[in-house]
Amino acid sequence: LRLLPRQRYLRAERAEVSALERKRNILCCLITRILKVEKQLHIDNLVFRVIDACQKGELGPGLQFPSFCCHSVDVLSCVLHLLNQGYLRRQEERPHVLEY
């Protein structure tokens with residue numbers, strides 16, 4: 001019986017997946033928090049506000065998280081996810097405006 005060394009790359013992959021899930025959860029929280037306050041917002045403005053909040057590390061008044069770099073593709077991916085889940089919707093006459 002021969003013991004093989006632990007596979008370190010599996011632990012690294014799990015850590016990366018966990019970090020990506022945390023990032024997606026934070027982005028989804030930011031999107032919903034912003035839209036809860038604004039009620040409706042142009043998708044471009046929403047993307048800029050989420051990216052700004054990520055850089056500042058602010059979820060809201062008194063709520064901090066470690067700042068991280070996010071791109072518009074990350075935010076738009078989360079927007080699509082929230083649209084598919086039914087948390088957000090588009091206006092019929094103006095599909096570029098999102099509502100909570």
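I need the full set of residues from the stretch 34-48 which are open to solvent by 100 Å² or more (accessible area, probe 1.4 Å) and either at pLDDT below 90 or of a type outside the set (Phe, Trp, Tyr) (or both), in order please. Selection gives 36, 37, 39. Taken together, the residues in the stretch 79-100 that are touching a residue at least 12 places away in the same chain (Cβ under 8 Å) and closer than 15 Å to residue 36 by Cβ amount to 7. Within the stretch 11-33, no residue that is over 12 Å from residue 79 (Cα atoms) sits with its Cβ atom under 7 Å from a residue that is open to solvent by less than 100 Å² (accessible area, probe 1.4 Å) and among the polar types (S, T, N, Q) at 6+ positions apart or across chains. Of the residues making up the stretch 20-54, those that are basic (Lys, Arg) and at negative phi are 22, 23, 24, 33, 36, 49.
If the condition is being in a loop (DSSP other than H, G, I, E, B) and within 16 Å of the chain's Cα centre (by Cα), then the stretch 87-100 contributes 87, 88, 100.
The values are calculated or read from the model by the stated rules, or taken from the named source; none is laboratory data. As the structure is a prediction and not an experimental result, all values here were calculated from the model. Glycine gets a Cβ as well: all are built from the backbone with ideal geometry, and neighbour counts include every protein chain shown. Note: accessible area is taken over every heavy atom of the protein model, side chains too, but ligands, DNA and RNA are not part of it. Shrake-Rupley method; radii C 1.70, N 1.55, O 1.52, S 1.80 Å.
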